[in-house]
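The values are calculated or read from the model by the stated rules, or taken from the named source; none is laboratory data. These figures come from a predicted structure and were not determined experimentally. Neighbour counts run over all protein chains shown; Cβ positions are idealised from the backbone, glycine included.
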Amino acid sequence: MSKDLFALVIGGTGMLEKVCHFLAIEGYDVYVVHRDKTRFQAMQSRSTHPDKLFSIRVDYHDEKTLQKKIQETIQIKGCCPDIIVSWIHNSAPNALPTILKEVSVRKKPWKLIHVQGSSSFFVKENTTVPEVCEYRRVYLGFVLENENARWLTHEEIANGIIKVIHGDYKETVIGTLKPWNKRPS
């Protein structure tokens with residue numbers, strides 16, 4: 001059983017790769033939920049701390065397998081995560097609740113950085129979290145450059161999320177959401 005900090009990142013082989021590397025540098029054992037072994041290995045090979053990055057290969061749309069993999073990871077670590085960074089597409093509405101159910105036994109405070117797409121800002125979904133969870137919501141906006149708009153880069157997204165982890169902001173928009181009618185199509 002490791003005394004290292006424990007992070008769980010969903011989306012770490014894509015736009016959250018830099019967040020995984022940051023957490024590893026900060027001393028976390030980073031367990032990355034992903035589907036593609038080759039992408040995970042490539043992400044791990046780019047890290048200065050590859051020994052701090054661990055694979056949880058599962059499609060989070062498969063709730064039963066996801067639940068089993070999270071249970072196995074908690075058993076391996078002997079504890080629940082200190083921080084979860086979650087980027088889960090709307091196509092898997094039960095993935096985050098499945099994960100939260102497994103970590104709800106944790107008694108000490110922990111953080112959930114819940115990354116959501118820009119349109120979620122206007123819906124303000126009610127995410128039910130355990131009482132000791134310090135819930136942080138991050139919305140991914142867009143960038144206006146003169147009269148043109150573009151979506152955020154992976155680098156901009158990761159830097160924004162790292163800023164949230166450091167600054168402990170309760171709700172953050174990376175980029176902008178205004179004017180909404182100027183967003184990229």
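So here's what we get for this one:
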quantity: Elements of type strands (runs of 3 or more DSSP E) contained in region 92-145, each with 2 or more residues being within 17 Å of residue 82 (Cβ to Cβ) and free of Cβ contacts under 8 Å to residues at least 40 places away in the same chain; calculated: 110-116, 133-140
quantity: Residue selected from region 62-81 under the condition part of a loop (DSSP other than H, G, I, E, B) and surrounded by fewer than 19 Cβ atoms within 10 Å (Cβ to Cβ), by the criterion modelled with the highest pLDDT; calculated: 62
quantity: Subset of region 146-168 that is touching a residue at least 12 places away in the same chain (Cβ under 8 Å) and over 15 Å from the mean Cα position of the chain (by Cα) - its residue that is nearest to residue 83 (Cα to Cα); calculated: 152
quantity: Flag for residue 90 being closer than 20 Å to residue 63 by Cα, at pLDDT below 90 and not hydroxyl-bearing (Ser, Thr, Tyr); calculated: yes
quantity: Residue 86 being in a strand (DSSP E or B) and farther than 29 Å from residue 169 by Cβ; calculated: no
quantity: Subset of region 1-14 (residues that are part of a loop (DSSP other than H, G, I, E, B) and over 15 Å from the mean Cα position of the chain (by Cα)); calculated: 1, 2, 3, 4
quantity: Residue, surrounded by the fewest Cβ atoms within 10 Å (Cβ to Cβ), within region 128-155, restricted to residues that are more than 22 Å from residue 15 (Cα to Cα) and among the β-branched types (Val, Ile, Thr); calculated: 128
quantity: Which numbered condition residue 134 fails, given (1) of a type in the set (Asp, Glu); (2) under 17 Å from the mean Cα position of the chain (by Cα); (3) closer than 28 Å to residue 64 by Cβ; calculated: (3)
quantity: Qualifying positions in region 146-185 - on the phi < 0 side of the Ramachandran plot, part of a loop (DSSP other than H, G, I, E, B) and of a type in the set (D, E, K, R); calculated: 147, 170, 178, 183
quantity: Of residues in region 15-26 being assigned to a loop (DSSP other than H, G, I, E, B) and touching a residue at least 60 places away in the same chain (Cβ under 8 Å), the one surrounded by the fewest Cβ atoms within 10 Å (Cβ to Cβ); calculated: 15
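This table checks each residue for (1) touching a helix residue (DSSP H, G or I) at 6+ places or on another chain (Cβ under 7 Å); (2) in contact (Cβ under 8 Å) with a residue 60 or more places away in the chain.
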residue: 10; (1), (2): no, yes
residue: 13; (1), (2): yes, no
residue: 28; (1), (2): yes, no
residue: 35; (1), (2): no, no
residue: 39; (1), (2): no, no
residue: 42; (1), (2): no, no
